[in-house]
Amino acid sequence: MKIVILGAGQVGRTAAYHLSREEANEVTVVDTNEDLLRDLQDRLDIRTVAGNASYPSVLEAAGASDTDVLIALTSSDEVNMMACEVAYTLYRTPTKIARIRSAEYTSHPSLFSDEALSVDVWISPEQLVTEYVERLIQYPGALQVLDFAGERVRLVGLRALEGGLLVGKTISTLREHLPKSESRIVAIYRKGRNIHPEGSTVVENGDEVFFLAARDDIRRVMSEMRKGDAPVKRVVIAGGGNIGFRLARALEKHNQVKLIERDPKRARRISELLENTIVLNGDAADEDLLVEENIDSADVFAGLTNSEEANILSAMLAKRLGANKVMALINKPSYAELMESGSIDVAISPQTITIGSLLAHVRRGDVVRVHSLRRGAAEAIEAIVHGDERNSRVVGRRVEEIRLPDGATLGAVVRGEQVIMAHHDTVIQTDDHVILFLADRRHVEQVERLFTTPP
Amino acid sequence: MRSLLSVLNVIGSLLVMFSAAYLIPIASAVLNRDGTLAAFCAAAATSLGLGIALYVITLRFRQELKPRDGYLLVTLGWTLIAAVASIPLLLVLPQLSITAGYFEAMSDLSTTGATVLTGLDHLPPTINLWRATLCWVGGMGIIILAVAILPLLGVGGMQIYKAETPGPVKDSKLKPRIMQTARLLWLVYGGLTGVCVVALMAAGMGFFDALFHAFATVSLGGISTHDANIGYYHSTAIEFVLIVFMLIAAMNFATHYLALRRGSLRIYVRDPEVQWLLIAVAASTVMLTFYLANQGVYPDLETAFRYASFNVVSMATDCGFVSTDFGLWPLFAPMWMLLLSCLCANTGSTGGGIKMFRTMVLIKQASRELFVLIHPQAETPLRISGATIPNRIVFSVLAFLFLYLLSIVVLTLAMLLSGMDFISAVTAVVVCINNTHPGLGVVGPGATFQSLSMLQTWICTAAMLIGRLEVFSVLVLFTPAFWRK
């Protein structure tokens, strides 16, 4: 697939990295900063073009005339929209994805309809991150919560702890414990290594477990893995930027939210917009302020400022002062790895969250959703099955008959409104939404091939 | 050490790939029945066996190549492949010493074309074809061929491509993927070779000679099946065809690809390197035609033009075909041609030397300095056909020039120390580092490199490798920082 990425910022670079790792993709990155591009080209097998991303001459040089996917990720919403417009008008580029940050635009869906702007898909990393953090707060104890099939099914990652009923027992006992709930453990990571889960696999203390379950069953399954975490009531957010503000607004109805913002003007502004949140003007790393605001009784502390170092340090401080669960927004993958091994509970990586929504559009086969996991090493994919028994490799077959690559697990099938956890004898039908877990994303092409039907 | 082992792993697969090149001489040996079949089969088996052994032994150490590993891979790869390529020469020609065999293989691979062999006309045809095959494979680059065929080089591929491709500006790719870029370059190269074969046959050569000389022309190797080189044919038609193809091969292959894709010759007009190359060659031809006629070397302007044009183009493009012994011309003429051989070949072509782009940068940088003397406050961007060249590249070109001249000086001094006369020493080193031949004196057009002592032969071999890999890739291995952890 020929892909042009506009903008070599954090998200653009991560997208280029992930997309160029797949052999079938040809990636070109456009940016105005030549030094950035040279550095990027030295490390990745991509082509780079320097120039203003929305200019036809620059798009032409980047090969827009025969590009399959255009991904506009520059820091300006207007440039992104213009670039999509130019690409569509001059080159009829089939798929155009733009990052749109401002809610002024995104709150008017008709702007992105067929007869208006030529943006096929818009993504807002801030919004994706907000939703992600919101789900984490909804399920205390979870490391990751990801939606599939219109929120009917969720993939939850958590750390199994002593005290959970299933810990120390085989996976097959899960059915005896919870006869009514449908769920499926799709992957277990023990000390960072992937273990393919079978019925006889024993869940151990400290394992990182990924399971799929229908939305309503999640809490029950989670309590099997670790002692009941109390529902979150008190949330402290550091940073009143886009993400912090949106999160506060989403949570303030059901939770007691405190938001710490350093800039007095910004603090004043968001205090006017938020109803029930207590907005505090101050430094999130100020020990006195945190103690004064009863950080020791906080259920969740989330460091969401622009500076990842500040997020890490304030989260560590909050943890030491007694906050129950602390999260930090971390851009650098290496930092995230360092931190999750102990000092803080959850490292939120905006790029990993965003990249999934881009990957779904470059996959062959009818892939509707991709979530990147474990810093891009693993992937969870939702694909729609097409065709019939003659031309499809999956339709009419039992799960055990489908030739999945190593480390891949077919976890769940969504048929209309019905959620079916896949067993070895589940038969796949056409139009099913199939949810797969891939422990090694290098096998993704084999999976794509399974779900493409010859025309 | 670890990175050395992982590089050896890649070189293992490189050798396996290279053993496929023996299919050409093996086919020829079967067809011509010249008694070389056993030697070539043995050489192919050695290359294959050595490659597999290297690959298997170092398999444990396999890892993604780091950027700096690229230089090691390219230099080590070329050194080893030249060694393997010399095996059939040594087997078939027992009178050849190992030094001479290695020189011959490196000379062909680096498209220098200098030879230690005499009686080329009476060599088994397969041996001659093998020399031309080496030229052809080395012309576009062994590593680039590997990148085009094998996905093994991964992300490091760009670094390796940079380490082997001639020219200062290597960041531009024809296609986003290095593998496709390499494939396109080889496709253009292969296609051009095919056209050249047809053109040479139309000009009156037999198929075998046409194939041989097409390999030697498109790669700018300049070797021939005859001791008298192109002078053997006494054919203006052949000389004309060769002039055209030598000029084409001295242009950037990326430019050829773009021109083909757009179906337009305007691309060439817009390429400043092409303009300068053609102007330099045309002006020099006219000048030397009048000079040679004036000096009484040739009786009339027409004859003078015929010899001047062919030999000027051949030397300027770093090819090295000769149609007459220009060593007998007044010294000014061959020295001028030697100067052209340093400057003229384009970036991304199969020619050697400083490259026209660097020449242009050097000239413009020099005039920029002069301009600033007069207008100390002036902003003086260095522009080549409208595009500003960043200072980073200018510095790199200046450093290249220094190292290039330093290499020539040091190697020439070594030649003098070994007892060679000045003219022969300096021209031998210059032609070897520019990957062309012949020089003057004992290495002149009427002679070969056979008379050189063992030490002198090795010095020339080193010069060819340094020149082919554009100085940096080789010399970086001799810096302590490269080996420091």
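The values are calculated or read from the model by the stated rules, or taken from the named source; none is laboratory data. These numbers were taken from a predicted model, which means no experiment stands behind them. Positions of Cβ are generated from backbone atoms using ideal geometry, with glycine treated the same way; all protein chains shown enter the neighbour counts.
The residues of the stretch A:108-161 that are in contact with a helix residue (DSSP H, G or I) (Cβ under 8 Å, 6 or more places away or on another chain), closer than 25 Å to A:Val419 by Cβ and among the aromatic types (Phe, Trp, Tyr), listed by number, are A:Tyr132, A:Tyr139.
Once the stretch A:390-403 is narrowed to residues that are loosely packed, with under 13 Cβ neighbours inside 10 Å and within 26 Å of A:His361 (Cα to Cα), the residue that is modelled with the highest pLDDT is A:Arg403. Only a single criterion out of (1) part of a loop (DSSP other than H, G, I, E, B); (2) touching a Phe, Trp or Tyr at 6+ places or on another chain (Cβ under 9 Å) is not satisfied by A:Gly387, namely (2). Please state which one of B:Thr457, B:Thr436, B:Thr380 is out of contact with any strand residue (DSSP E or B) (no Cβ under 6 Å at 6 or more places or on another chain) and closer than 27 Å to B:Phe332 by Cβ. Among B:Thr457, B:Thr436, B:Thr380, only B:Thr436 is out of contact with any strand residue (DSSP E or B) (no Cβ under 6 Å at 6 or more places or on another chain) and closer than 27 Å to B:Phe332 by Cβ.
Can you find a residue that is in contact with a Pro (Cβ under 6 Å, 6 or more places away or on another chain), among the β-branched types (Val, Ile, Thr) and farther than 24 Å from B:Glu164 by Cα anywhere in the stretch B:55-68? Looking through the stretch B:55-68, none of the residues is in contact with a Pro (Cβ under 6 Å, 6 or more places away or on another chain), among the β-branched types (Val, Ile, Thr) and farther than 24 Å from B:Glu164 by Cα.
Screening B:Leu413 with (1) in contact with a helix residue (DSSP H, G or I) (Cβ under 8 Å, 6 or more places away or on another chain); (2) assigned to a helix (DSSP H, G or I) gives one miss only, at (1). The strands (runs of 3 or more DSSP E) falling completely within the stretch A:143-259 that include 3 or more residues that are of a type outside the set (D, E, K, R) and over 20 Å from the mean Cα position of the chain (by Cα) map to A:234-238. All told, B:Leu65 meets the bar of being over 19 Å from B:Ser110 (Cα atoms) and within 14 Å of chain A (Cβ to nearest Cβ). Among the residues making up the stretch A:36-90, those that are crowded, with 23+ Cβ neighbours inside 10 Å, more than 14 Å from chain B (Cβ to nearest Cβ) and part of a loop (DSSP other than H, G, I, E, B) are A:Ala53, A:Leu73, A:Thr74. Of all residue pairs spaced 6 or more apart or on separate chains, those with beta-carbon atoms under 7 Å, a first member in the stretch A:251-278 that is closer than 20 Å to A:Asn311 by Cα and a second member that is aliphatic (A, V, I, L, M) and assigned to a loop (DSSP other than H, G, I, E, B) are A:Ile260/A:Ala284. B:Phe422 meets the conditions (1) crowded, with 21+ Cβ neighbours inside 10 Å; (2) more than 22 Å from the chain's Cα centre (by Cα); (3) among the aromatic types (Phe, Trp, Tyr) in every case but one. The failed one is (1). Do we find a residue being under 22 Å from B:Gly139 (Cα atoms) and more than 14 Å from every other protein chain (Cβ to nearest Cβ) anywhere in the stretch B:171-185? So far as the stretch B:171-185 goes, yes, one or more of its residues are under 22 Å from B:Gly139 (Cα atoms) and more than 14 Å from every other protein chain (Cβ to nearest Cβ).
Do the conditions hold for A:Val27, that is, is it more than 11 Å from chain B (Cβ to nearest Cβ) and crowded, with 20+ Cβ neighbours inside 10 Å? Criteria not met by A:Val27. More than 25 Å from the chain's Cα centre (by Cα), of a type in the set (S, T, N, Q) and either away from every other protein chain (no Cβ under 12 Å) or crowded, with 23+ Cβ neighbours inside 10 Å (or both): is that true of A:Thr32 in this structure? Answer is yes for this residue.
Each residue in the stretch A:55-101 was checked for being in contact (Cβ under 8 Å) with a residue 40 or more places away in the chain and of a type in the set (D, E, K, R), and 4 pass. When A:Glu337, A:Glu287, A:Glu292, A:Glu272 are checked against the criterion of being in the same structural domain as A:Leu251 (by TED's automatic domain parsing), modelled with pLDDT of 90 or more and surrounded by fewer than 18 Cβ atoms within 10 Å (Cβ to Cβ), A:Glu272 stands alone in meeting it. Scanning the stretch B:356-394 for residues that are assigned to a helix (DSSP H, G or I) and among the polar types (S, T, N, Q) turns up B:Thr359, B:Gln365, B:Ser367, B:Asn391.
Considering only residues in the stretch B:245-283 that are assigned to a helix (DSSP H, G or I) and touching a Cys at 6+ places or on another chain (Cβ under 9 Å), the one that is surrounded by the most Cβ atoms within 10 Å (Cβ to Cβ) turns out to be B:Ala249. Across the stretch A:111-130, the number of residues qualifying as buried (at least 17 other Cβ atoms within 10 Å of the Cβ) and among the charged types (D, E, K, R) comes to 2. The residue that is nearest to the other protein chains (Cβ to nearest Cβ), among those in the stretch A:14-24 that are of a type outside the set (A, V, I, L, M) and crowded, with 21+ Cβ neighbours inside 10 Å, is A:Ser20. A:Val11 fulfils the conditions (1) within 30 Å of B:Asp69 (Cα to Cα); (2) in contact (Cβ under 8 Å) with a residue 60 or more places away in the chain; (3) within 14 Å of chain B (Cβ to nearest Cβ); (4) not polar (S, T, N, Q) except for a single criterion, (3). When B:Pro94 is tested against (1) closer than 21 Å to B:Pro125 by Cβ; (2) in a helix (DSSP H, G or I); (3) not charged (D, E, K, R), only condition (2) is not met.
Please verify whether A:Gly411 is buried (at least 16 other Cβ atoms within 10 Å of the Cβ), at positive phi, touching a residue at least 12 places away in the same chain (Cβ under 8 Å) and not aliphatic (A, V, I, L, M), treating the condition exactly as stated. So A:Gly411 does not fit the description; no.
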